[in-house]
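Below is one structure; the comments refer to it alone.
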Amino acid sequence: MRDLQAIADRVEIEALRAEFSDAAMMGDNDRIASLYTEDGVYRIPAVNIEHSGREAIRAGIENHAELWEYFVQNTHSGAVHLEGDRASGRAYICELGRLNDGRSIFNYALFHDCYRRTPQGWKFTERVYEVRYFDTTPLAGSPAVVWETAGSAGDTGRTGPGPS
């Protein structure tokens, strides 16, 4: 990969994918929608979800976000295939969370992506979510944080709150 434009394109596409996860984690639905082209599509075929266009994507994700007590999404680098001002690729996803009704979800998935270069940078034209592993075993964790302090069980010799 000696072509500097190809390197720059790959970095920008990777940043786009990271921006999506950051916006999802921060609950910034407007930012998620802005990452798509005006005619972009977001699909989750396993549950018959399809949102076409930025406004529908924003509204659909907003409705989905209201279901969660907490939600964590990690994106891992995948393949990118450049074709001029268009590209395709995959991002690997690990998610966990608890729904407001108490159900837990842990899964590994893929985003099958299509991208287009725009005057504002690379954008998604399509994002299709494919689950590869799905687990509903209750999660023991919680979004409430209680750090152990010195003298507590599991004392590591630290004197203040915080992770070991």
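Please indicate, with yes or no, whether at least one residue in the stretch 126-141 is at pLDDT 95 or above and more than 22 Å from the chain's Cα centre (by Cα).
no
Kindly indicate whether any position in the stretch 108-116 is among the acidic types (Asp, Glu), in contact with a Ser or Thr (Cβ under 8 Å, 6 or more places away or on another chain) and surrounded by 14 or more Cβ atoms within 10 Å (Cβ to Cβ).
yes
Tally up the residues in the stretch 16-34 that are touching a strand residue (DSSP E or B) at 6+ places or on another chain (Cβ under 8 Å) and over 15 Å from LEU82 (Cβ atoms), please.
Of the residues in the stretch 16-34, 5 are touching a strand residue (DSSP E or B) at 6+ places or on another chain (Cβ under 8 Å) and over 15 Å from LEU82 (Cβ atoms).
For SER88, work out the one condition from (1) surrounded by 13 or more Cβ atoms within 10 Å (Cβ to Cβ); (2) at pLDDT below 95 it doesn't fulfil.
With (1) surrounded by 13 or more Cβ atoms within 10 Å (Cβ to Cβ); (2) at pLDDT below 95 applied to SER88, the lone miss is (2).
The values are calculated or read from the model by the stated rules, or taken from the named source; none is laboratory data. Note that the structure is a prediction, hence the values are computed from the model and not measured. Neighbour counts run over all protein chains shown; Cβ positions are idealised from the backbone, glycine included.
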